[in-house]
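A.B. asks: Just dropping this structure here.
Values in this text are rule-based calculations from the coordinates and carry no lab data. Everything quoted here is computed from the prediction, not taken from an experiment. Don't worry about glycine lacking a Cβ; one is built from the backbone with ideal geometry, like all the others, and counts go over all protein chains shown.
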Amino acid sequence: MISPWDRWYTTSCCLCCHVRTGTIILGIWYMLINAVVLLILLSSLNDPVQYHYHLTSSDLGTDLDVMDDANMCIAAAISLLMILICGMATYGAYKQHAAWIIPFFCYQIFDFALNTLVAISVLVYPNTIQDYLQQLPGTFPYKEDLMSTNNMCLVLAVLLFIGCILAFKAYLIACVWNCYRYVSGRSCTEVLVYVTTNDTTVLLPPYEEAVAIPPKDPPPQYTSA
C-alpha cells in the first residue's frame, strides 16, 4: 500500500524544474526580500526623522505608537535570522545536505499555521475587519469606501485572498519537503554501486556483498607411484 507521503512525492515543481532548483530559487528569493527589509530597518534606525517610522497617536487616532527603537531592533534581528535560515536552505539544496533544509521547512510550517489562524479568526470574528479598518490612518487610500462596503463581502474577499495565499504556501511547503526527501534519499545511497544504462539508473550493492564466492579447496598433493 502506497503511503500518502509517497503518493505526493515528485522531483519536479512549477515551470518543470527540479525540486532542488525550486528550493534554491525560493531560498534566494526569501533572502532578497529579507535583505531589503533589513536594509530599510537599518536605514530607519540610522535616520528616523527622514523615514518617519514613529507613527504617533495624532497619525493613527490611537494612544499607542506603532513602532519604536526596540521594535525596530527586534524586526531587524528577525530579518537577519530569516536571511540565515534561507541561506542554510539554499546551501543545503545546492550541496545536497538534508539537515540544512530542515530550519527553512519548519519556518514554512510555522508561517502556514499563523496564516491559518488569521483565516480562522476572520471567520469566527468577522467584525475584526471593520475594527482594523477604523485603526488605519485617515490618509489610507480608499478607507472610506472599504468601511462603507458590506461586512459579509469584506469577509468573503479576505477569506478568498487568504485562501489563495495558503494554497500557494502549501505548494511551496510540498516543494521543499520533496527536495528534502530527494536529498536525504541521495545521501543514503552513497555506499551503493551505480549501474547506468541509456534510460534508467539501477542501484546495486557491492559485488562482494551480493555474491559470496565460496573458498576453493586446495589442490591434492602430488604423490609418485
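A.B. asks: Quick one: length gained pulling Phe112 to Ser184 fully straight, 0.36 nm per residue minus the C-alpha distance? Spell out each step's value before the answer.
C.D. replies: On the way: separation 72, 0.36 × 72 = 25.92 nm, distance 2.37 nm.
Result: 23.6 nm gained on full extension.
A.B. asks: Follow-up. Just subtract the alpha-carbon distance of Ser148 and Ala99 from 0.36 nm times their residue separation and send over the number in nm, one decimal.
C.D. replies: Details: separation 49, 0.36 × 49 = 17.64 nm, distance 5.09 nm.
Working it through step by step, the gained length comes to 12.5 nm.
A.B. asks: Can you pull the one-decimal nm distance between simple spin-label points at Tyr91 and Ile120, each 7 Å off the Cα toward Cβ?
C.D. replies: 3.6 nm
A.B. asks: Suppose a student asked you for the relative contact order of segment 93-164, using Cα pairs under 8 Å spaced at least 6 residues apart; what percent would you report? Don't jump to the answer; show the numbers that get you there.
C.D. replies: Values: 26 pairs, mean separation 23.5, N = 72.
Across segment 93-164, relative contact order equals 33 percent.
A.B. asks: Gain in length, Thr128 to Asn71, computed as 0.36 nm per residue apart minus the alpha-carbon separation, to one decimal in nm?
C.D. replies: So the extension gain works out to 18.1 nm.
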